[in-house]
1. Within segment 78-114, can you find the residues that are in contact (Cβ under 8 Å) with a residue 24 or more places away in the chain, β-branched (Val, Ile, Thr) and not in a helix (DSSP H, G or I)?
2. Which one is nearest to GLY170 (Cα to Cα), of the residues in segment 123-146 that are in a loop (DSSP other than H, G, I, E, B) and in contact with a Gly (Cβ under 8 Å, 6 or more places away or on another chain)?
3. Kindly check whether there is at least one residue in segment 70-81 that is open to solvent by less than 30 Å² (accessible area, probe 1.4 Å) and aromatic (Phe, Trp, Tyr).
4. Among the residues of segment 118-158, which ones are under 17 Å from THR75 (Cβ atoms), touching a helix residue (DSSP H, G or I) at 6+ places or on another chain (Cβ under 9 Å) and open to solvent by 60 Å² or more (accessible area, probe 1.4 Å)?
5. Looking at this structure, is LYS53 in a loop (DSSP other than H, G, I, E, B), open to solvent by less than 90 Å² (accessible area, probe 1.4 Å) and in contact (Cβ under 8 Å) with a residue 12 or more places away in the chain?
6. Against the conditions (1) within 25 Å of THR142 (Cα to Cα); (2) in a helix (DSSP H, G or I), where does THR44 fall short? Just the number, please.
Amino acid sequence: MKKSICLMVMIMLVAMAGAPALAGEKAPQKVVDLADSTLVKMGTDPVIVQAVKAENAKGKTLAQIQELDKKWIATAGVVDYMKVMMESECGRYLKKIQSSQPYYAEIFVMDNQGANVAMTDKTSDYWQGDEAKFTESYKGGTGAIHVSDVKFDDSTQAYLTQVSVPVKEGDKAIGAITIGIDIEKLR
């Protein structure tokens, strides 16, 4: 009896030790290659570009964005103003992209201030403007690819690396898009 309990505990410890080791690691080269080849092209997709242009044209102030961010964070579940972003033309389009690959855990688009425009699933917060996923991909309007380290994502309950690319109109970044890649599903 004692031997079987010890064996079971050892198996559980080994299984648990394997998963957390992923957090904090650099993104696998497969993710970097995917970012450089496929994901960067999402930033010039006409549906995504049009959605960002329309949101930018609203001229929201940073104070308005931050106020909605506080409300967003304090709101449990998905409410109407969040559903609008998921059910918009761009939101439905992102869902179609997401369903095309098992490793696309989440996709969301941001405007020129880092506020959400469209998304496949509720994000942890509304304003990404103070986070590397936005600042490093938007780059003040010049744009660049940003690939995060692997981390456990609470909203998707998976180990992800986030790839963020600029949404571009011509040579100018007008927003950004983040694609959460479930590294355990990327083969």
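1. VAL78, ILE107, VAL109 - these are the residues of segment 78-114 that are in contact (Cβ under 8 Å) with a residue 24 or more places away in the chain, β-branched (Val, Ile, Thr) and not in a helix (DSSP H, G or I).
2. Checked segment 123-146; the qualifying residue nearest to GLY170 (Cα to Cα) is GLY143.
3. yes
4. Within segment 118-158, SER124 is the sole residue that qualifies.
5. The answer is no for LYS53.
6. (2)
The values are calculated or read from the model by the stated rules, or taken from the named source; none is laboratory data. Given the structure is predicted, the values throughout are model-derived calculations rather than measurements. Heads up, the Cβs are rebuilt from the backbone with ideal geometry, glycines too, and the neighbour counts pull from every protein chain shown. All accessible areas refer to the heavy atoms of the entire protein, side chains included, with ligands and DNA or RNA removed. Shrake-Rupley method; radii C 1.70, N 1.55, O 1.52, S 1.80 Å.
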